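To start, the structure itself, in structure tokens.
We did not get these values from a lab; they are worked out from the coordinates using the rules stated. Fair warning: this is a prediction, and the values are worked out from it, not measured in the lab. Please note: Cβ atoms are built from the backbone with ideal geometry, for glycine as well, and neighbour counts cover all protein chains shown.
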Amino acid sequence: MNPPPQAVQDFYDDPLVYDILHTPGTHRELEVLLSLHRRHGLKRSAKGSAARLWLEPACGTGRFVRLLARRGHRVAAFDRSEAMLAYARRRLDGMGLSGRVRLFRAEMTRFAQALKPHSVAFAFNTINTLRHLGGDEEVLAHLEEMARVLHPHGVYVVGVSLSAYGRELPTEDIWEGRRGRCHVQQIVQYLPPEGSRRGKRREHVLSHLIVRRPRGTEHRDHAYELHCFDRRQWHDLLRRSPLSIREITSDRGRPMADHDGNYFLYVLEPRASAAAGGASSKRPTSRTEISPRSSSS
């Protein structure tokens, strides 16, 4: 007989289960980031180590970090969870890649002091991780920290889903992963935000995790909220930040405007670099003017 469902539990506290669930598809996601790096990254001839340093905030178990290090990139990454970092270190040690990666514990809103100013060439943060922050001011604090560590011609790739208040319906996703004799399945329900007023910009997420091992099956339930932006709110926030949009792409890295759809990759650059008309401003862009219309989902 299977054990009864467990009490509410955040599976982020279980690095192994988290890694099994999220590692599938990482190669494909990394290829998109590498294509953006080729399009926007600093040239190898650029002076200083920033030409090679990647940064991943909220790196979790280090699924991207492992692949980047294996390909020869220098990487810095941080997370707020020491358990996640310990798991990431063990995996890197086992692969003989620890020398290429610097892992450290930090919050998304306070990490710049752990890195040299303007030392990062390419940073990335995908799949709505930014929306785990509590509100606009915390997101702004994060972007300000990022501006302190980005090279003047570096970029920060952020993956964000935009809301369409009043036009969204509840949705459901199913994620699965398997490693050895452990099978993990996550059923996730997304309840859309009520509106754009203060306190209403929260998407409710209900997660049901099923972990099947030879010794039995576990059921874990967890609920959390994600901060929301519609298109205007997101662009307004970026205008208040020290970063500006260089390009907007789909999740596959194809340039597009963010009028349609709901999930986008935003390639952000330090404002001073764009204003100076340096090398980065000469590259093709997909900057988009804001229209009165919100994004659709």
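As a proxy for reagent exposure, 124, 64 were ordered by neighbouring Cβ count within 10 angstrom, fewest first; the result is 64, 124. Distant-in-sequence amide contacts of residue 74, defined by a placed amide H-H separation under 5 Å and a gap of 5 or more residues or a different chain, comprise 54. The residues 108, 84, when put in order of fewest to most other Cβ atoms within 10 Å, stand as 108, 84. Taking Lys and Arg as +1 and Asp and Glu as -1, the other residues whose beta-carbon sits under 12 Å from that of residue 187 total -3. Each principal axis of region 116-214 carries a Cα extent, and these read 50, 42, 18 Å when sorted largest first. Other residues lying with their Cβ under 14 Å from the Cβ of residue 110 contribute a combined charge of -3, Lys and Arg counting +1, Asp and Glu -1.
Set against the 2.2 N^0.38 Å expectation for a compact globular protein, region 164-227 has a Cα radius of gyration ratio of 1.43. Taking the fewest neighbouring Cβ atoms within 10 Å as the starting point, the ordered list for 269, 145 is 145, 269. Modelled spin-label separation between residue 208 and residue 16, with each label point placed 7 Å from Cα along the Cα-to-Cβ direction: 2.5 nm. Spin-label pair residue 80-residue 188: with each label point 7 Å from Cα along the Cα-Cβ axis, the two points sit 1.7 nm from one another. Converting phi to 3J(HN,Hα) with the Karplus coefficients 6.51, -1.76 and 1.60 and the offset θ = phi - 60°, region 70-76 yields 5, 7, x, 7, 8, 9, 10 Hz in sequence order, with x at every glycine or proline. Comparing 171, 216, 191 along the charge dipole axis of region 164-227, the residue lying farthest to the positive side is 216, per the Cβ-charge model.
Put a dot 7 Å past the Cα of residue 93, heading toward its Cβ, do the same for residue 105, and the two dots end up 1.6 nm apart.
For region 102-211, the list of trypsin sites (Lys or Arg not before Pro) that fall in a loop by DSSP and count at most 14 other C-beta atoms within 10 angstrom reads 167, 181, 197, 198, 200.
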